[in-house]
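> One structure follows; several queries about it will come next.
Here, each number is a calculation from the coordinates, and none is a lab measurement. Since we're looking at a predicted model, the values are computed, not measured. All Cβ positions, glycine included, derive from the backbone under ideal geometry; neighbour counts span all protein chains shown.
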Amino acid sequence: MNESLIALENLKVHFDLSRRGLVARATGRAAERIVKAVDGVTLDIRKGETLGLVGESGCGKSTTGRAILQLVRPTSGSVRFAGTDLVTLPEREMKQHRRRLQMIFQNPYASLNPRMTVGSIIAEPMRNFRLGFDDRQASVRTQELMNVVGLDPRYVKRYPHEFSGGQRQRIGIARALAADPRFIVADEPISALDVSIQAQIMNLLADLQERFELTYLFISHDLRAVRHVSDRVAVMYLGRIVELANATDIYSRQIHPYTKALISAVPVADPKLEKQRKRVVLQGDVPSPINPPTGCQFHTRCPFAIAACSRVVPAMTEIQPQHFASCIRVSPEHPDVEAVAAMPGDKHFAPDDRSLEK
């Protein structure tokens, strides 16, 4: 599981929102408005693992997932899939790789074509990628996939509106499996579902991973869900990764102040522990990705920021074995900076919440 299936190197996705109007006519040039949705992400996803990607809304999680699949073309950087840089591939060659790279979308109510039957939706990737199935074989394969994801194959001729939200998400999962992928981006796959259904979908994803030897990027803002399914967790803030470690370390020994704030906000079922622990409350809102802060982008909200934080761009550094963080106050690369000896929340998060276990 140490072999990298996906490797991102300094990945950037910037969107140009320049307005060409009065300003352009008055000055002779357009007013530049560049949204830095993803701003230099270096990351690897190992074969057979689930990498959780967490962060506040708007931090670039979904854009990162779409950039890996080349649904959004990166501005710069590389995305290597099994050694092949997808960024440099023309569209015709990219289509040959895309069948191995699939996506489970966030909203099962919007991601399924309401005019197509369930059977047609699931069989569509078989036709698009020309997998060699005739009509009868495609029908058999479709019913097999419905059975795999927990749907009654007799419902193959029904339409999406005849299914519940959880069932629709199972249809989306079956569609992703139809192309026989190696890697799946699960973009907030449970956020639109009832709490009672979320655990079922997460358990299904875990079972399918073992059965089909899949690799997942699991994108979510639900930290309890990420902990339940992930082998490692990457924490994202304003287009950059600020901490990366295995799931156990992220939830028990956070290093970056932003991660500590996220973990401290996770509810704990035990009222006594909930009463004892301390919250790390961040001030202000997430800065605009059009004009992000200089230096460490988190310094405008960090309760432990010092003057150097506004000047120095922190590098991802291995602070502990296999535990990386980008903070100059804990990095050995900046020995002249005063270290953060203790941050609120270290002793008060309870990592034994089993409410989502099978």
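> Out of all DSSP beta bridges with both ends in the chain, state the antiparallel percent to the nearest 5.
Counting only bridges with both partners in the chain, antiparallel ones make up about 65 percent.
> Give me the distance in nm between label points sitting 7 Å out from Cα along the Cα-to-Cβ direction at Asp16 and Asp180, one decimal.
Inter-label distance under the simple model: 4.1 nm.
> Next up: Under a point-charge model restricted to the Cβ atoms of Lys and Arg (+1) and Asp and Glu (-1), what is the dipole moment magnitude of the stretch 30-139 relative to its Cα centre, in debye to the nearest 20?
Values: 17 positive and 11 negative charges, 46 e Å.
Computed about the Cα centre, the dipole is about 220 debye.
> Taking the Cα centre of the chain as the origin and placing charges on Cβ (Lys, Arg +1; Asp, Glu -1), which of Met103, Leu86, Leu71 is farthest toward the positive end of the dipole?
Leu71
> Express in nm, to one decimal, how much length is gained between Asp207 and Glu91 on full extension, taking 0.36 nm for each residue of separation and deducting their alpha carbon distance.
So the extension gain works out to 38.5 nm.
> What residues from the stretch 308-322 fall in the zone where the backbone N is under 18 Å from a label point 7 Å along the Cα-to-C-beta line of Gln283?
Those under the cut-off are 308-311.
> Can you run phi through the Karplus equation (6.51, -1.76, 1.60; θ = phi - 60°) for the stretch 224-231 and list ³J(HN,Hα) in whole Hz, with x for Gly and Pro?
Values, residue by residue: 5, 5, 4, 4, 5, 10, 9, 8 Hz.
> Now for a different question. Using amide H atoms built 1.01 Å from N in the peptide plane, name the residues 5+ places from Ile34, or on other chains, whose amide H lies under 5 Å from its own.
Leu17
> Now for a different question. Let me spell out the model: positive unit charges on the Cβ of Lys and Arg, negative unit charges on the Cβ of Asp and Glu, origin at the Cα centre of the chain. What dipole size does that give, in debye rounded to 20?
Details: 48 positive and 39 negative charges, 213 e Å.
Result for the chain is approximately 1020 debye, rounded to the nearest 20.
> I need the shape label for the stretch 37-90. Rule: rounded when a/c is under 1.5, else prolate if a/b > b/c, else oblate, with a, b, c from the alpha carbon gyration tensor.
Oblate is the answer for the stretch 37-90, as a/c is 1.5 or above yet b/c matches or exceeds a/b.
> Under a 5 Å amide H to amide H cut-off, with H placed in plane at 1.01 Å, what residues pair with Val185 once short-range neighbours are removed?
Gln102, Met103, Ile104, Leu217
> Considering amide H positions built from the backbone, and no H for Pro or chain starts, which residues 5 or more places from Arg46, or on another chain, come under 5 Å of its amide H?
Under 5 Å from the amide H of Arg46: Leu5.
> Pairs to check: Lys61/Lys272; Lys61/Lys260; Lys47/Lys157; Lys12/Lys278; Lys61/Lys157. Give those whose C-alpha atoms are more than 24 Å from each other in this structure.
Lys61/Lys272; Lys47/Lys157; Lys12/Lys278; Lys61/Lys157
> Gain in length, Lys47 to Gln320, computed as 0.36 nm per residue apart minus the alpha-carbon separation, to one decimal in nm? Mind dumping the intermediate values first?
Details: separation 273, 0.36 × 273 = 98.28 nm, distance 2.27 nm.
Separation in residues times 0.36 nm, less the Cα-Cα distance, equals 96.0 nm.
> Could you give the length gained by full extension between Asn147 and Leu131, i.e. 0.36 nm per residue of separation minus their alpha carbon distance, to one decimal place? Display every interim value, and only then the final one.
Working: separation 16, 0.36 × 16 = 5.76 nm, distance 2.03 nm.
Using 0.36 nm per residue and subtracting the Cα-Cα distance, I get 3.7 nm.
> Quickly estimate the mean residue ellipticity at 222 nm for the chain, helices only: each DSSP H run with n ≥ 4 gives -39500 (n - 2.57), and the total goes over all residues, rounded to 500. Please list the in-between numbers first.
Details: 11 runs with 105 residues, N = 358.
-8500 deg cm²/dmol, from helical runs alone.
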